[in-house]
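*Asks:* The structure's right below; bear with me while I get my questions together.
The values are calculated or read from the model by the stated rules, or taken from the named source; none is laboratory data. Treat the numbers as computed from the prediction; the structure is a model and nothing was measured. FYI the Cβ positions are ideal-geometry reconstructions off the backbone, even for glycines, and counts take in every protein chain you see.
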Amino acid sequence: MQSSPRPTADGGAAGETQRRPSFLRSRTALWLAFALAHVAVVLLGLWRPDMPPLKGFDPFSDVNSIYVAWLDSAAAGEGLVGIDRAWVYPPLALPVIGLPYLLAPTPEGYQALWFVLIAVLDALAFLALVGVRGALPAGRERAAWWWTAAIVAVGSVAVGRIDAVTVPLAVIAFLVAAQRPAFAAVLLAVGTWIKVWPAGLLLALLVVVRRRLRVVLAAAAVCVAVAASWIALGATAQLVSFVGGQTGRGAQLESATAVPYLWLGLLGAEEVEVFYSEIIAMEVDGPGMAVATALSDVLMLVLIVAASLLGVRAVRSGAERPELLAVLGTAIVAALIVCNKVGSPQYLVWFIAPIALGFVVAGRRFDLPALLVLAAALFAQFNYPFFYGQLERVRLLPVLATTAKSALVAAVLVWALVALVRAGSRRSAAAVEARPVEAG
């Protein structure tokens with residue numbers, strides 16, 4: 001009888017990689033594809049057709065316009081965002097966006113150096129994933145190919161937003177979490193002070209890891225260092241000004257919260273309005289929107305707490321901690337996105353760290369959420385940058401795409417929650433099976 005392929009420590013199968021040509025299994029192929037993916041999304045972002053319905057929107061406008069304008073304003077003596085006046089980003093985003101400007105204070109030069117910065121950071125994280133020598137486990141190979149595909153699926157905004165800086169930090173943190181939880185906590189805390197969302201992964205780490213005190217102390221040290229730096233700069237008032245900037249936002253056009261209103265607008269409801277807000281974002285308004293956005297915030301909190309409690313239950317049930325970290329991280333990221341009243345397309349890159357870890361430690365068991373994320377990313381890229389003008393005018397195809405993207409992210413959330421429930425049930429089920437049957 002022919003035996004089944006032997007599972008490996010990285011979630012693959014011993015004979016799985018033998019079915020593909022050897023070059024495609026090589027690190028050379030992975031690095032080449034990863035580099036080409038970056039080049040492709042940059043070139044795609046630079047190509048902006050100015051013809052309906054492919055009305056060209058600049059996916060790099062945050063980089064070459066908004067970031068540069070903030071820094072130009074500071075250079076002109078009008079005050080520095082995050083220091084002299086309130087800002088929408090946490091404090092450590094300032095040195096991140098400031099570094100390229102110090103070397104090239106022009107929109108073109110700044111944009112070019114931004115791409116170099118993202119490429120270097122991504123390369124470091126990719127190196128942590130695929131290594132340098134030795135046999136490449138199937139799980140890591142699968143994670144590398146999926147990350148490459150995710151960059152292409154998300155499109156140009158995958159490298160054209162500040163989120164791109166935090167992704168490699170999160171990837172490295174999750175890959176080393178089992179061996180170096182304190183270092184992982186430092187990376188995630190730094191990421192949190194750049195773009196907030198890595199706080200969700202830090203919470204997952206705190207739930208799953210054995211040495212929780214080290215995680216807390218490491219993250220606290222980063223927070224103290226950031227706070228002390230801003231106090232020394234005389235910017236105490238701006239330390240958490242980003243919180244007010246985010247909580248005051250309405251429902252952005254691409255968010256799941258906006259979906260019912262988009263359908264109402266499509267059906268001709270005059271009360272629905274799409275407008276350009278003061279914080280440089282397209283938002284939608286309609287009857288009960290304030291209640292809807294408030295409920296979405298509450299639902300996000302409830303889902304994150306529920307996922308965390310399920311994670312605690314799974315830990316106590318003896319679940320495999322590395323896989324549990326990947327599942328819990330996926331659940332929290334999905335909750336952060338599906339309940340987010342902003343819902344920008346680049347948010348989908350937040351999935352890269354937990355799903356990459358999932359492939360590494362659980363192999364093909366992460367195929368379903370990985371494919372769902374890729375599909376959601378393609379729908380998001382369909383809308384932005386290509387059909388965003390049509391979405392602003394509330395046309396059928398982009399509304400369908402927004403609906404599909406939100407539904408797919410919700411499906412990832414459901415998958416992760418179900419996986420957490422099952423992880424917490426395995427030990428109790430095993431105990432029931434092992435219990436002796438009493439004589440009747």
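*Asks:* Any idea which of (1) touching a helix residue (DSSP H, G or I) at 6+ places or on another chain (Cβ under 8 Å); (2) surrounded by fewer than 17 Cβ atoms within 10 Å (Cβ to Cβ) is the one P95 doesn't satisfy?
*Replies:* If we test P95 against (1) touching a helix residue (DSSP H, G or I) at 6+ places or on another chain (Cβ under 8 Å); (2) surrounded by fewer than 17 Cβ atoms within 10 Å (Cβ to Cβ), just (1) comes out false.
*Asks:* Ok, one more. Can you tell me which residues in the stretch 34-55 are modelled with pLDDT under 95, out of contact with any helix residue (DSSP H, G or I) (no Cβ under 7 Å at 6 or more places or on another chain) and more than 25 Å from Y101 (Cα to Cα)?
*Replies:* Answer for the stretch 34-55, where residues must be modelled with pLDDT under 95, out of contact with any helix residue (DSSP H, G or I) (no Cβ under 7 Å at 6 or more places or on another chain) and more than 25 Å from Y101 (Cα to Cα): P49, D50, M51, P52.
*Asks:* Let me ask something else about it. For the stretch 409-421, which positions are within 16 Å of A258 (Cβ to Cβ) and crowded, with 24+ Cβ neighbours inside 10 Å? Step through it out loud before you land on a result.
*Replies:* At the first step, the residues of the stretch 409-421 found to be within 16 Å of A258 (Cβ to Cβ) are 409-410.
Across the stretch 409-421, the qualifying residue is only V409.
*Asks:* Only one of (1) farther than 27 Å from R316 by Cβ; (2) part of a helix (DSSP H, G or I); (3) over 23 Å from the mean Cα position of the chain (by Cα) is not met by G234, so which one is it?
*Replies:* Every condition holds for G234 apart from (2).
*Asks:* Tell me which residues, restricted to the stretch 142-167, are in contact with a Leu (Cβ under 7 Å, 6 or more places away or on another chain), buried (at least 24 other Cβ atoms within 10 Å of the Cβ) and part of a helix (DSSP H, G or I).
*Replies:* Selection gives A143, V154, S156.
*Asks:* Looking only at the stretch 248-297, which residues are among the hydrophobic types (A, V, I, L, M, F, W, C), assigned to a strand (DSSP E or B) and farther than 21 Å from A404 by Cα? Please lay out each step first, then the result.
*Replies:* Filtering the stretch 248-297 for residues among the hydrophobic types (A, V, I, L, M, F, W, C) gives 251, 253, 256, 258-259, 262-264, 266-267, 269, 272, 274-275, 279-282, 284, 289-292, 294-295.
Retained after the next criterion (residues that are assigned to a strand (DSSP E or B)): 251, 274-275, 282, 284.
Selection gives F275 alone.
*Asks:* How many residues, within the stretch 331-344, are of a type in the set (V, I, T), modelled with pLDDT of 95 or more and either more than 23 Å from R426 (Cβ to Cβ) or out of contact with any Gly (no Cβ under 7 Å at 6 or more places or on another chain) (or both)? Let's see the steps before the verdict.
*Replies:* At the first step, the residues of the stretch 331-344 found to be of a type in the set (V, I, T) are 332-333, 337-338, 342.
Those left that are additionally modelled with pLDDT of 95 or more: 332-333, 337-338.
After this cut, where a residue has to be either more than 23 Å from R426 (Cβ to Cβ) or out of contact with any Gly (no Cβ under 7 Å at 6 or more places or on another chain) (or both) as well, the list is 333, 337-338.
Within the stretch 331-344, residues that are of a type in the set (V, I, T), modelled with pLDDT of 95 or more and either more than 23 Å from R426 (Cβ to Cβ) or out of contact with any Gly (no Cβ under 7 Å at 6 or more places or on another chain) (or both) number 3.
Conditions tested, residue by residue: (1) of a type in the set (D, E); (2) touching a helix residue (DSSP H, G or I) at 6+ places or on another chain (Cβ under 7 Å); (3) under 14 Å from E254 (Cβ atoms); (4) surrounded by fewer than 22 Cβ atoms within 10 Å (Cβ to Cβ).
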site	(1), (2), (3), (4)
P369	no, yes, no, no
A377	no, yes, yes, no
Y388	no, no, yes, yes
R393	no, no, no, yes
K405	no, yes, yes, no
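Here's the yes/no breakdown for (1) surrounded by fewer than 19 Cβ atoms within 10 Å (Cβ to Cβ); (2) touching a Gly at 6+ places or on another chain (Cβ under 7 Å):
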residue	(1), (2)
L206	yes, no
V222	no, no
S255	no, yes
G265	no, no
E270	yes, no
A281	yes, no
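*Asks:* Test A326 against the stated conditions and say whether it is crowded, with 16+ Cβ neighbours inside 10 Å, in contact with a Gly (Cβ under 7 Å, 6 or more places away or on another chain), at pLDDT 95 or above and in a loop (DSSP other than H, G, I, E, B).
*Replies:* Taking the combined requirement at face value, the residue does not satisfy it.
*Asks:* Could you name every one of the helices (runs of 4 or more DSSP H) located completely within the stretch 345-393 that has at least 1 residues being small (G, A, S) and within 24 Å of E273 (Cα to Cα)? First the steps, then the outcome.
*Replies:* On the way: elements: 352-362, 367-381, 388-392.
Once the helices (runs of 4 or more DSSP H) in the stretch 345-393 are filtered for at least 1 residues that are small (G, A, S) and within 24 Å of E273 (Cα to Cα), what remains is 367-381, 388-392.
*Asks:* Being assigned to a loop (DSSP other than H, G, I, E, B) and either exposed (fewer than 13 other Cβ atoms within 10 Å of the Cβ) or touching a strand residue (DSSP E or B) at 6+ places or on another chain (Cβ under 6 Å) (or both) is the requirement here; does R210 meet it? Don't jump to the end; show me each part of the working.
*Replies:* Working: assigned to a loop (DSSP other than H, G, I, E, B): yes; either exposed (fewer than 13 other Cβ atoms within 10 Å of the Cβ) or touching a strand residue (DSSP E or B) at 6+ places or on another chain (Cβ under 6 Å) (or both): yes.
Here the answer is yes, as R210 does meet what is asked.
*Asks:* Out of (1) under 22 Å from the mean Cα position of the chain (by Cα); (2) surrounded by 14 or more Cβ atoms within 10 Å (Cβ to Cβ), what's the single condition that is false for V243?
*Replies:* Just one mismatch for V243, condition (2).
*Asks:* Does A135 satisfy being more than 16 Å from L32 (Cα to Cα), part of a loop (DSSP other than H, G, I, E, B) and of a type in the set (A, V, I, L, M, F, W, C)?
*Replies:* Values: more than 16 Å from L32 (Cα to Cα): yes; part of a loop (DSSP other than H, G, I, E, B): yes; of a type in the set (A, V, I, L, M, F, W, C): yes.
It is true that A135 is more than 16 Å from L32 (Cα to Cα), part of a loop (DSSP other than H, G, I, E, B) and of a type in the set (A, V, I, L, M, F, W, C).
*Asks:* Looking at the stretch 190-204, can you tell me whether even one residue there is free of Cβ contacts under 8 Å to residues at least 12 places away in the same chain, under 30 Å from G424 (Cβ atoms) and assigned to a helix (DSSP H, G or I)? Please lay out each step first, then the result.
*Replies:* Here is the first cut: in the stretch 190-204, the ones free of Cβ contacts under 8 Å to residues at least 12 places away in the same chain are 199.
Pick out the ones that are also under 30 Å from G424 (Cβ atoms) and you get 199.
Still in the running and assigned to a helix (DSSP H, G or I): 199.
Yes, that holds for at least one residue.
*Asks:* If V342 passes every condition in (1) in a loop (DSSP other than H, G, I, E, B); (2) over 14 Å from the mean Cα position of the chain (by Cα) but one, which one does it miss?
*Replies:* Unmet for V342, out of (1) in a loop (DSSP other than H, G, I, E, B); (2) over 14 Å from the mean Cα position of the chain (by Cα): (2).
*Asks:* From the list V152, V216, pick out the single residue that is out of contact with any strand residue (DSSP E or B) (no Cβ under 7 Å at 6 or more places or on another chain), of a type outside the set (S, T, Y) and closer than 24 Å to L374 by Cα. Show your work before the answer.
*Replies:* Numbers: V216 fails: closer than 24 Å to L374 by Cα.
Criteria check complete, one pass: V152.
*Asks:* A follow-up question, please. Pairs needed: first member in the stretch 56-79, in a helix (DSSP H, G or I); second member anywhere, of a type in the set (V, I, T) and loosely packed, with under 14 Cβ neighbours inside 10 Å; C-beta distance under 8 Å; at least 6 residues apart or different chains.
*Replies:* Within 8 Å, the pairs are I66/I280; V68/T106.
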